[in-house]
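Below: one structure, written as structure tokens.
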Amino acid sequence: MTGASRRGAIGAAICRALATDGADVFFTHWAAYDRMLSYEADAGGPDALRDELRALGVRSEHVEIDQSRPDAAELILREVNIQLGSPSILVNNAAYSTGDGFEVLDAATLDAHYAVNVRSMALLSAGFARQFVTGTGGRIINLSSGQSQGPMIGELAYVASKGAVEAFTVSLSAEVGSKGITVNAVNPGPTDTGWMNDELKGALLPKFVLGRIGQADDVARLVAFLASDDAAWITGQVIHSEGGFLRG
């Protein structure tokens with residue numbers, strides 16, 4: 001599980017859902033990126049989350065790592081194998097995002113998004129699949145952001161990288177299906193994890209046909225389902241779970 005640092009965010013919610021279903025959980029985080037965000041970082045989050053997961057009766061460990069490193073995927077998989085053993089579920093949740101737009105878009109911005117959102121995700125997925133023993137029960141679940149659903153103004157680098165996640169998901173599923181691995185992506189839509197101010201919430205709320213803004217637990221339940229035996233016949237899908245969010 002990548003990208004689980006703040007206890008109120010999507011990554012932590014997914015960790016809890018998987019642990020509740022009995023899965024041991026290894027997760028990553030990167031404090032330097034959290035400090036760049038406009039909302040408050042959760043300095044004690046990783047240790048507290050680990051302890052919370054252990055209290056659910058599973059093993060849990062974590063590592064702080066910059067996933068923009070070319071060797072990040074190799075280091076993460078090595079650490080997982082050392083601390084918890086060979087993984088059977090991979091959730092690629094870590095993401096890098098900064099505002100841009102065509103007036104300011106440059107090579108450095110594109111490269112920064114690509115390194116985390118595409119390269120690290122792809123190398124983790126490939127490394128996971130290579131070491132997975134052919135059989136059943138392998139799961140790769142990637143987090144998307146609905147780029148195929150409509151425009152995201154001022155987020156060109158993020159859009160380009162997350163669009164690649166969806167394309168990669170579909171093609172990888174066809175390559176690794178013979179090993180008993182399913183590969184899917186989840187687009188949770190706008191999710192309130194602390195980054196929304198009251199003005200933004202007021203603007204977004206009327207666009208949710210189910211009458212509320214998405215929460216981290218909404219995403220976590222779907223990811224936990226895709227990781228379960230009940231989802232063994234679902235692969236190569238990009239699932240838009242947005243509460244009927246109306247775009248445009």
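Distant-in-sequence amide contacts of Val186, defined by a placed amide H-H separation under 5 Å and a gap of 5 or more residues or a different chain, comprise Asn142, Leu143, Ser144, Ile239.
Please report the antiparallel percentage of DSSP beta bridges with both residues in the chain, rounded to the nearest 5. Write out the running numbers ahead of the final one.
Numbers: 1 of 22 bridges.
For the chain, the DSSP antiparallel bridge percentage is about 5.
Exposed loop sites, defined as GluC sites (Glu not before Pro) outside DSSP H, G, I, E and B with at most 13 other Cβ atoms within 10 Å, are absent from the longest region of the chain, namely 104-248. Protection proxy ranking, highest mean first, for peptides 66-72, 136-142: 136-142, 66-72, where packing is the per-residue count of other beta-carbon atoms within 10 Å, averaged. Of the trypsin sites (Lys or Arg not before Pro) found in region 28-75, those that fall in a DSSP loop while having at most 13 other beta-carbon atoms within 10 Å are Arg35. Counted by Cβ distance under 15 Å from Asp217, the other residues give a net charge of 0, where Lys and Arg count +1 and Asp and Glu count -1. Setting aside same-chain residues fewer than 8 positions from Lys207, which aspartates and glutamates have a Cα under 19 Å from its Cα? Of all the aspartates and glutamates, those that pass the test against Lys207 - Cα under 19 Å, at least 8 places apart if same chain - are Asp192, Asp198, Glu199, Asp218, Glu242. Shown here for region 201-248: chymotrypsin sites (Phe, Trp or Tyr not before Pro) in loop regions (DSSP other than H, G, I, E, B) with at most 13 other Cβ atoms within 10 Å, namely Trp233.
Separation of region 135-165 and region 16-38, taken as the distance between their Cα centroids, equals 19 angstrom.
Computed from the coordinates by the stated procedures, all read-outs in this text should not be read as laboratory data. None of these values were measured; they are calculated from a predicted model. Neighbour counts are summed over all protein chains in view; Cβ atoms, including those assigned to glycine, are modelled from backbone coordinates with ideal geometry.
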